[in-house]
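Visitor: Here it is, the structure, as structure tokens.
The values are calculated or read from the model by the stated rules, or taken from the named source; none is laboratory data. Quick caveat, the model's predicted, so the values are computed rather than measured. Cβ coordinates were reconstructed from backbone atoms using ideal geometry, including for glycine residues, and neighbour counts include every protein chain displayed.
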């Protein structure tokens, strides 16, 4: 997890949070995007609503993001041996509805796809 003010003033890049967040997530967030696993279903009350939008990852229309977060989890497990990451991969379908995609309000989903393509 992360503490208060995670991704504050984020202007680019990609972040994956696999645990609970503190308050004020994404204050000043103007670029890039994040995936946040919300197992306690309280992230809605913990992020800064001023500059960011959150969208639930779902199989309908968000396949690119699902593939991307899964690829990031695979890399995380390969590089760290994380038991939690491995469990998320093993039970990915059970956890996918608990992930939020966090993006700047000014960014469209299509523009984020371009970010994914450039990062690949």
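Visitor: Which one of 36, 44, 77, 69 is more than 17 Å from residue 115 (Cα to Cα), in contact with a strand residue (DSSP E or B) (Cβ under 6 Å, 6 or more places away or on another chain) and either at pLDDT 95 or above or part of a helix (DSSP H, G or I) (or both)?
Guide: Just one listed residue meets the conditions, 36.
Visitor: Of everything in region 48-66 that's closer than 25 Å to residue 9 by Cβ and surrounded by 13 or more Cβ atoms within 10 Å (Cβ to Cβ), which residue is modelled with the lowest pLDDT?
Guide: Checked region 48-66; the qualifying residue modelled with the lowest pLDDT is 51.
Visitor: Here's a follow-up. (1) surrounded by 16 or more Cβ atoms within 10 Å (Cβ to Cβ); (2) touching a strand residue (DSSP E or B) at 6+ places or on another chain (Cβ under 8 Å); (3) outside any loop (DSSP other than H, G, I, E, B): which one isn't true of residue 29, the others all being true?
Guide: (3) is the only condition that residue 29 fails.
Visitor: Condition first: under 15 Å from the mean Cα position of the chain (by Cα) and part of a helix (DSSP H, G or I). Can you find one or more residues in region 51-64 that meet it?
Guide: Yes, because at least one residue in region 51-64 is under 15 Å from the mean Cα position of the chain (by Cα) and part of a helix (DSSP H, G or I).
Visitor: Is there any pair linking a residue in region 105-120 that is modelled with pLDDT of 80 or more to one that is part of a helix (DSSP H, G or I), with Cβ under 8 Å and at least six apart or on different chains, and which?
Guide: 112/65
Visitor: How many residues are exposed (fewer than 14 other Cβ atoms within 10 Å of the Cβ) and within 15 Å of residue 52 (Cα to Cα) if we restrict to region 14-26?
Guide: So the answer is 1.
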